[in-house]
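Beneath this line is the structure, given in structure tokens, with notes to follow.
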Amino acid sequence: MLVKEIEMKKWGNSQGIRFGKEELSVLGETNTENLKFEMVVTEGKIVLTPKNKKPETLDELFANYEGEPLGKEDKYEWGNMQGREII
């Protein structure tokens, strides 16, 4: 965990906060070029959560899945082969 006081500065016609290498390294993100965040503003706090993080487990991958799980008796018709699929 990193706790640090930072400063908001004028950036063009807006206000901006810059993140240094130290802050970004704590996130564990290697590709920070186009890193996106979810921003939640509540009770006088701004919380930023990185959105580019790829799921590492099946639970993370399907965390927001709202459909019905398929059972063993369920089948999906994939259609005819289109290329050089290996069966």
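The values are calculated or read from the model by the stated rules, or taken from the named source; none is laboratory data. Remember, it's a predicted structure, so these values are computed and weren't measured experimentally. No Cβ is skipped: glycine too gets one built from the backbone with ideal geometry, and neighbour counts run over all protein chains shown.
Would a scan of the range 5-16 turn up a residue that is under 28 Å from P55 (Cβ atoms) and surrounded by 10 or more Cβ atoms within 10 Å (Cβ to Cβ)?
Taking the range 5-16 first, the residues under 28 Å from P55 (Cβ atoms) are none.
No, the range 5-16 has no match at all.
Out of the range 36-47, which residues are among the charged types (D, E, K, R) and not in a strand (DSSP E or B)?
Going residue by residue through the range 36-47, those that are among the charged types (D, E, K, R) are 36, 38, 43, 45.
Hits for the range 36-47 are K36, E43.
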Query raised in the report: Counting just the residues of the range 47-70 that are closer than 17 Å to L24 by Cα and modelled with pLDDT of 85 or more, which one comes out surrounded by the most Cβ atoms within 10 Å (Cβ to Cβ)?
Result: L48
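Which of the following residues is at pLDDT below 85 and in a loop (DSSP other than H, G, I, E, B): E7, E23, E33? Before the answer, list the steps.
Working: E7 fails: at pLDDT below 85; E23 fails: in a loop (DSSP other than H, G, I, E, B).
On inspection, the qualifying residue turns out to be E33.
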Query raised in the report: Can you name every residue in the range 17-35 that is among the basic types (K, R) and exposed (fewer than 10 other Cβ atoms within 10 Å of the Cβ)?
Result: K21
Report summary line: When Y76 is run through (1) at pLDDT below 85; (2) surrounded by 10 or more Cβ atoms within 10 Å (Cβ to Cβ); (3) of a type in the set (F, W, Y), the failure sits at (2)
Requested in this report: Looking only at the range 1-35, count how many residues are more than 22 Å from the chain's Cα centre (by Cα) and small (G, A, S).
Outcome: 2
